[in-house]
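In what follows, a structure is listed as structure tokens, so that the remarks can point back to it.
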């Protein structure tokens with residue numbers, strides 16, 4: 001009986017396999033204000049309508065893909081564990097998480113949720129976002145190794161290097 005109750009709570013025995021949660025994320029407030037978050041969500045809505053999915057929730061975050069304390073991501077996990085939906089619709093895997101995507105995917109699959117990434121190729125701007133995320137990782141580790149002041153010097157140097165690389169790419 002306990003096993004059946006556990007399956008019912010996880011949603012693995014519920015009938016509606018067309019329920020979905022839509023999740024969009026942009027890395028900065030500036031991108032959200034430029035309308036990128038809303039355009040991303042609209043593409044997810046269009047996909048859901050075209051494939052006859054019922055949107056249980058539309059969740060969004062304005063935060064780095066490295067940030068594990070995102071409200072939208074936390075809500076996804078809660079709804080997953082409560083068995084509230086069967087499909088998580090995202091634009092690209094990195095919208096869900098920069099690192100640890102495999103762990104999230106495994107947990108969702110265990111709970112009976114399939115992740116659907118609707119776009120095949122990431123836009124060029126995603127590469128620069130990845131570079132910023134890598135800089136954040138390096139800065140964080142260097143601050144731990146060399147103290148906050150050393151980390152600040154390292155961050156400044158890395159930002160200058162990134163500006164130089166971006167300028168070279170434009171040429």
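The values are calculated or read from the model by the stated rules, or taken from the named source; none is laboratory data. Values in this document were obtained by computation on a predicted structure and should not be read as measured data. No Cβ is skipped: glycine too gets one built from the backbone with ideal geometry, and neighbour counts run over all protein chains shown.
Residues that are touching a helix residue (DSSP H, G or I) at 6+ places or on another chain (Cβ under 7 Å) and not assigned by TED's automatic domain parsing to the domain that holds residue 134 do occur in region 39-55. If you check 72, 83, 65 for being surrounded by 13 or more Cβ atoms within 10 Å (Cβ to Cβ), touching a residue at least 60 places away in the same chain (Cβ under 8 Å) and touching a strand residue (DSSP E or B) at 6+ places or on another chain (Cβ under 9 Å), only one passes: 65. Within region 43-57, the set of residues being more than 16 Å from residue 86 (Cβ to Cβ) and surrounded by 13 or more Cβ atoms within 10 Å (Cβ to Cβ) comprises 43, 45.
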